[in-house]
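Below is one structure; the comments refer to it alone.
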4 protein chains.
Amino acid sequence: MVNVGIIGATGYAGAQLVYLLSHHPAVSIMYLASHSYVGKRFSDIYPSMKGLCDLTLEEENLEEASYKCSVLFLALPHGMASKKVNADILSRCVIIDLGADYRLSDASTYESWYKTEHFSKELLSSSVYGLCELYREKIATSNLIANPGCYTTCSILTLAPLVGEHLLDTSSIIIDAASGVTGAGRSEKIDSLFCECNESFKAYGVTNHRHTPEIEQELSHLVQETIVLQFTPHLVPMNRGILATCYANLKDGVGEEDIESAYHKWYASEAFIRLLGSKLPETRFVKGTNTCDIAWKVDKRTNRVIAFGAIDNLIKGAAGQAVQNMNIRFNLGETTGLPANVESPL
Amino acid sequence: MVNVGIIGATGYAGAQLVYLLSHHPAVSIMYLASHSYVGKRFSDIYPSMKGLCDLTLEEENLEEASYKCSVLFLALPHGMASKKVNADILSRCVIIDLGADYRLSDASTYESWYKTEHFSKELLSSSVYGLCELYREKIATSNLIANPGCYTTCSILTLAPLVGEHLLDTSSIIIDAASGVTGAGRSEKIDSLFCECNESFKAYGVTNHRHTPEIEQELSHLVQETIVLQFTPHLVPMNRGILATCYANLKDGVGEEDIESAYHKWYASEAFIRLLGSKLPETRFVKGTNTCDIAWKVDKRTNRVIAFGAIDNLIKGAAGQAVQNMNIRFNLGETTGLPANVESPL
Amino acid sequence: MVNVGIIGATGYAGAQLVYLLSHHPAVSIMYLASHSYVGKRFSDIYPSMKGLCDLTLEEENLEEASYKCSVLFLALPHGMASKKVNADILSRCVIIDLGADYRLSDASTYESWYKTEHFSKELLSSSVYGLCELYREKIATSNLIANPGCYTTCSILTLAPLVGEHLLDTSSIIIDAASGVTGAGRSEKIDSLFCECNESFKAYGVTNHRHTPEIEQELSHLVQETIVLQFTPHLVPMNRGILATCYANLKDGVGEEDIESAYHKWYASEAFIRLLGSKLPETRFVKGTNTCDIAWKVDKRTNRVIAFGAIDNLIKGAAGQAVQNMNIRFNLGETTGLPANVESPL
Amino acid sequence: MVNVGIIGATGYAGAQLVYLLSHHPAVSIMYLASHSYVGKRFSDIYPSMKGLCDLTLEEENLEEASYKCSVLFLALPHGMASKKVNADILSRCVIIDLGADYRLSDASTYESWYKTEHFSKELLSSSVYGLCELYREKIATSNLIANPGCYTTCSILTLAPLVGEHLLDTSSIIIDAASGVTGAGRSEKIDSLFCECNESFKAYGVTNHRHTPEIEQELSHLVQETIVLQFTPHLVPMNRGILATCYANLKDGVGEEDIESAYHKWYASEAFIRLLGSKLPETRFVKGTNTCDIAWKVDKRTNRVIAFGAIDNLIKGAAGQAVQNMNIRFNLGETTGLPANVESPL
């Protein structure tokens, strides 16, 4: 059994992680920490977990926890992990960070998009970007795994084969995405109140959403050129789910069969990617799963491809992928404890 | 023009009031106060009100406001109005209090249900319970009008004719009600977050909801006997609306025609009550209106009547009724500025 | 492996059943029939089931299916099962009927509430009411199992211990319940359109909902007296979930501890019942599970108990209980293939 | 008073029209027709309209209606108006067609996108595209007004000033839009059921949505060149509202102030357009109104403008604009009977 701990266990991503790890056959949860609920039991906060996880929430103490656990998951606001993680901790414990602090390899990019200092730049070179389908081998040996953002997971998975196979005019990439409200987290904000979200639709973070440089970094990396792209998120009145609608001009001579080949070449044997072809995805069909549904259409009128990715933002976009990373790192079987299909057909 | 002020203008009830008063032809808004947003303009908080109400939100100062305004609406947490209102203020200004402090004529009942001291018990005898359909005449001359609660408005209007005409075994009254989430107000609480309310249904305040003694007081008053009843509220994942499903055993010999007669006798000429007979109400059909839809069924198998009331909790259940009270008090025409029908048939 | 078939596989209850049976370790699905989609694959209708169930939907032919399958689940509109089932079929095959035709032991009660003839009255005496927690032993040996309705399961489970232990004035029982929209099924009706249900709350079936006699039959049976009660369902704008709020006057001398004892006596060792005491249930905490959450409060002011039951209408209220019945009947382990806890804590 | 009739009165757009016209001070409704509800009263279908519109729904007979009414609104499935309208009818009656039949000036474009014959091509040259802000003068004198589609209204209004002022690389235009479910109409389709739409987000009509040629026609017309663009609609689980997120590369040297100038030049005096600058719109702030909210951001990194338009699909996107067209045509005051602001600030 792998001993695990979760810091930031009562936010939505943290709680989803507790749920998945509670059901994971090769794992023991040894430590749960929470900023707001120290001393309470996890199941006091999430009553549906009674009997499944009744651990008491502790003070956040990474140092101490790193002695008890082989792996620590961090689900913290940005800027906090970079203060707490250090080489000593990493020498005895794997860190899987669900936050943004170790995702961008260039600290100045981080500091300019996040408007905050990075407190452990020296660790960036040893961190691996934990997008499992792309970095499986590096993940297997790294002690600092930067779990990707929700929008970024969905966007990169959808675009990587097309970019990687040089099918797109990369200067034309536009990602128009939409997320359910769990994406905003469990903090007490007016904007997240039921009556402020319900029966409405809006864009936010236009031109400056922090997932932008993350997507650019990874797609650029695939082709060793600098890609600058457009990313626009929207808020949907539903609990879970992200749909990314991705547009790009096709390079001359690229046709539908090239698109299809690229996807099959890259993903045919992936357990958590379903290629739907031209059948359009709906977020409800990936709800509660670690699956990314991908579909595409070529528009001959405009010479564009429109590619779609759909994930559950809390699973493949956060907690599920974190578990997948752990599974890879500890050789537990990549799909262990992770649902690929929705809990019901509705 | 009547000069009006609103204290607590940025909560949901307060904002609804600002909206209604902004469109009221006989009113000038002179003063808006808010605990949280002093110095901001109302339309900064509610952007859809730009051009309609751009007043700057002031510190809450009842004393000062009472010199500028002929009527002040208070939309404050319970316990605050009873500290701020006094005879001096009432000597020059009408107070319409949307909170609970002046609704219960017996201060000890208030103190036992609200677990707080009442700070101006001496004013209780001069206050009138502002349920327009029942107390029109007293309202017309009172300077302290206690606007009823949302559940109570709906429940009392639904049951009053049946109780008042002595058709019910009053010991058997059960009110099972449900409200949209605006009923919880605009405060930053975990329980009011989108993802905590959406896709769920629950009861709350069972056996101890504070609207209980208010309903009991008013129904008791109608028959000059003490009525003790059951009231259970539920939360519905929607923005607005209250449905009260009211059960009671019929007295011997009471039939369907007696029920119908009672409703028509009491409400036939009311502008804001629609009698639907056995056609069941839906909250969407009163959304955005000051109307209370009432329907009923007699069950011969059980000898019970099941009576239904539906209102918009923010209009007839709060701001709309407050305006109706003002209209009565200042002789502006009871229906002025108040919608009786939904803004669209959907 | 038990060979199973489902007739009416593409409605919401049928599809939920296909999902559960696809994941059941001791079952092979041999036959799926659908009135509307003959010749299509199940996963064409429910794309999230691709790879999990790609069987082709066949014509509804009970006779033929009864040769291939050891158990047939019927998810049909009322009145159809009573035409199709006969003694010959039952001689070789277990029928678990999710419809109403074999639930009421008295055919005339059926005919008067359902306004239709019963076409196989002779089978009623051999049918067992498939409420697992109450009739486990009879279910184990019966070939005709009438799976209870959704509201009825929730209502009976909530009230049975209180009625069975003679704690209530049974003439005072009122059940006020609310359901998500899957309860209305997957048929193309205006009333089930998104825009007709969303942002509204209403009662329906007042005084004449067909689950009433079913609840009465079962509660009456517990005490060998005729109970007549009030049942009022409501529609909630959410997909899944039922909450039953049950009211009854307590018999003289009955107190909180008697209520608690009764629940523990009846349910302490039940795998799918969680006793929450005075902590109120929310439907989201049983979503996707076969669990019934039960809570209660005694109101000393009114001498009433208010008891709450919460289930997922498609699982414990339909498909899950059907599987539980099969598990009992075929000795597969009562909880096999049935989730007791929600898929995520949200 | 202008005598009006509505054919297709019980669909969502038709019903919204009945609502608006019932409250219009210069109009008498003389005739309502419905395919599905002949002989019923309008208020039987939409009970909230009781007392406001109790007219009986008649057979659809354009010929007959054209004698009683000065203006007929058609809210019919595409292909039907082109069969029913003729020069004789137009000689005595103004037709405002909410459908698609007279929107595209080129019949072959219509036939290729709609996959159906056009039955009155000879009328196309006399029809005017009823986008009020662009074609006010022609509308004032035309007897055949083609009311624009919902997505098209929003998209064209958002992009027209930028295209018209030659600020964009028109080959780069991408419109990514999302609509509430009323956009799908009131027909009994599985896809429009509550449980099929709720808690999900999806794209549809990708590369082939019929509003595409309409947007292209109008934007092309502004600059007398052929514009081919990308349009992708999505479905949001809410009743009403459209948000169009529009992307385009800026021409060399175009900056933020050019964008702003263009919008102010075109729309500064429009009653139903609100220019929000960089404050992003939310559909809830235009719900129930005839207003189009427009905002924009320039992204210097990508040299793109992202422009947003938000409308209520049933008002400015259908019935409201139809009334606005009537107001223009009959010189009733363009804003008469049309709300510019939401019914409440929530």
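Residues in segment C:177-190 that are over 19 Å from C:Ile45 (Cβ atoms) and touching a Leu at 6+ places or on another chain (Cβ under 9 Å): C:Ala177, C:Ala178, C:Ser179, C:Gly180, C:Gly183. Say we look at segment A:83-98 and pick out the residues that are in a loop (DSSP other than H, G, I, E, B) and in contact (Cβ under 8 Å) with a residue 40 or more places away in the chain; which of these is surrounded by the fewest Cβ atoms within 10 Å (Cβ to Cβ)? Of everything passing the filter in segment A:83-98, A:Cys93 is surrounded by the fewest Cβ atoms within 10 Å (Cβ to Cβ). Residues in segment D:297-311 that are without any contact (Cβ under 8 Å) to a residue 40 or more places away in the chain and under 21 Å from D:Thr152 (Cβ atoms): 0 in all.
Do we find a residue being in the same structural domain as D:Ser155 (by TED's automatic domain parsing), over 23 Å from D:Ile139 (Cβ atoms) and assigned to a loop (DSSP other than H, G, I, E, B) anywhere in segment D:304-325? Looking for residues that are in the same structural domain as D:Ser155 (by TED's automatic domain parsing), over 23 Å from D:Ile139 (Cβ atoms) and assigned to a loop (DSSP other than H, G, I, E, B), one finds none in segment D:304-325, hence no. Can you find a residue that is open to solvent by 10 Å² or more (accessible area, probe 1.4 Å), under 14 Å from the mean Cα position of the chain (by Cα) and within 14 Å of another protein chain (Cβ to nearest Cβ) anywhere in segment D:185-204? So far as segment D:185-204 goes, yes, one or more of its residues are open to solvent by 10 Å² or more (accessible area, probe 1.4 Å), under 14 Å from the mean Cα position of the chain (by Cα) and within 14 Å of another protein chain (Cβ to nearest Cβ). Residues that are within 20 Å of the chain's Cα centre (by Cα) and among the β-branched types (Val, Ile, Thr) within segment B:233-274 comprise B:Val236, B:Ile242, B:Thr245, B:Ile273, listed in sequence order. Residues that are hydroxyl-bearing (Ser, Thr, Tyr), open to solvent by 10 Å² or more (accessible area, probe 1.4 Å) and touching a helix residue (DSSP H, G or I) at 6+ places or on another chain (Cβ under 9 Å) are absent from segment D:149-165.
Are any residues in segment D:124-148 surrounded by 19 or more Cβ atoms within 10 Å (Cβ to Cβ) and farther than 23 Å from D:Asn327 by Cβ, and if so, which ones? D:Leu124, the sole residue that qualifies.
Residue count for segment D:222-242 satisfying the condition of being crowded, with 18+ Cβ neighbours inside 10 Å and over 22 Å from A:Ser172 (Cα atoms): 9. Exactly one residue among B:Glu282, B:Glu334, B:Glu260, B:Glu270 is away from chain C (no Cβ under 14 Å) and free of Cβ contacts under 8 Å to residues at least 60 places away in the same chain, and that residue is B:Glu260. Scanning segment D:123-159 for residues that are more than 20 Å from D:Ala107 (Cα to Cα) and under 9 Å from the mean Cα position of the chain (by Cα) yields D:Cys150, D:Tyr151, D:Thr153, D:Cys154.
The helices (runs of 4 or more DSSP H) located wholly in segment A:170-281 that include 2 or more residues which are within 28 Å of C:Ser48 (Cα to Cα) occupy A:256-267.
Evaluation of C:Asn341 against the conditions (1) part of a helix (DSSP H, G or I); (2) under 28 Å from B:Gly205 (Cα atoms); (3) open to solvent by 10 Å² or more (accessible area, probe 1.4 Å); (4) of a type outside the set (Ser, Thr, Tyr) shows that the sole unmet condition is (1). Look at B:Glu165 and say whether it is among the charged types (D, E, K, R), outside the structural domain of B:Val254 (by TED's automatic domain parsing) and out of contact with any Pro (no Cβ under 7 Å at 6 or more places or on another chain). No; evaluated as a whole, the condition is false for this residue.
The single residue among D:Val254, D:Val228 that is aliphatic (A, V, I, L, M), over 27 Å from D:Gly79 (Cα atoms), out of contact with any helix residue (DSSP H, G or I) (no Cβ under 6 Å at 6 or more places or on another chain) and at pLDDT 95 or above turns out to be D:Val254. Note on segment A:32-76: residues that are more than 13 Å from chain C (Cβ to nearest Cβ) and aromatic (Phe, Trp, Tyr) total 3. Taken over segment C:174-224, the criterion of being closer than 21 Å to C:Ala75 by Cβ, without any contact (Cβ under 8 Å) to a residue 24 or more places away in the chain and among the acidic types (Asp, Glu) is satisfied by C:Glu188, C:Asp191. Any chance segment D:16-39 includes a residue that's farther than 17 Å from D:Phe119 by Cβ and free of Cβ contacts under 8 Å to residues at least 24 places away in the same chain? There is at least one residue in segment D:16-39 that is farther than 17 Å from D:Phe119 by Cβ and free of Cβ contacts under 8 Å to residues at least 24 places away in the same chain. Under the condition of being crowded, with 24+ Cβ neighbours inside 10 Å and in contact with a strand residue (DSSP E or B) (Cβ under 9 Å, 6 or more places away or on another chain), which residue from segment C:322-331 is farthest from C:Arg274 (Cα to Cα)? Out of the qualifying residues, it is C:Met326. For segment C:286-307, check the following and say yes or no: at least one residue is at the interface with chain B (Cβ under 10 Å from one of its Cβ atoms), more than 22 Å from C:Leu134 (Cβ to Cβ), open to solvent by 30 Å² or more (accessible area, probe 1.4 Å) and touching a strand residue (DSSP E or B) at 6+ places or on another chain (Cβ under 6 Å). Yes - at least one qualifying residue is present in segment C:286-307. For segment C:9-26, a tally of residues being touching a strand residue (DSSP E or B) at 6+ places or on another chain (Cβ under 7 Å) and open to solvent by 10 Å² or more (accessible area, probe 1.4 Å) returns 2. Open to solvent by 10 Å² or more (accessible area, probe 1.4 Å), of a type in the set (Ser, Thr, Tyr) and within 30 Å of A:Gly288 (Cβ to Cβ) - does that describe any residue in segment C:46-69? Yes, segment C:46-69 contains a residue that is open to solvent by 10 Å² or more (accessible area, probe 1.4 Å), of a type in the set (Ser, Thr, Tyr) and within 30 Å of A:Gly288 (Cβ to Cβ).
The values are calculated or read from the model by the stated rules, or taken from the named source; none is laboratory data. Everything numeric in this text was worked out from a predicted model, so none of it was measured. Positions of Cβ are backbone-derived with ideal geometry, glycine not excepted, and every protein chain shown enters the neighbour counts. Just the protein is used for accessible areas: all its heavy atoms, side chains included, with ligands, DNA and RNA removed. Shrake-Rupley method; radii C 1.70, N 1.55, O 1.52, S 1.80 Å.
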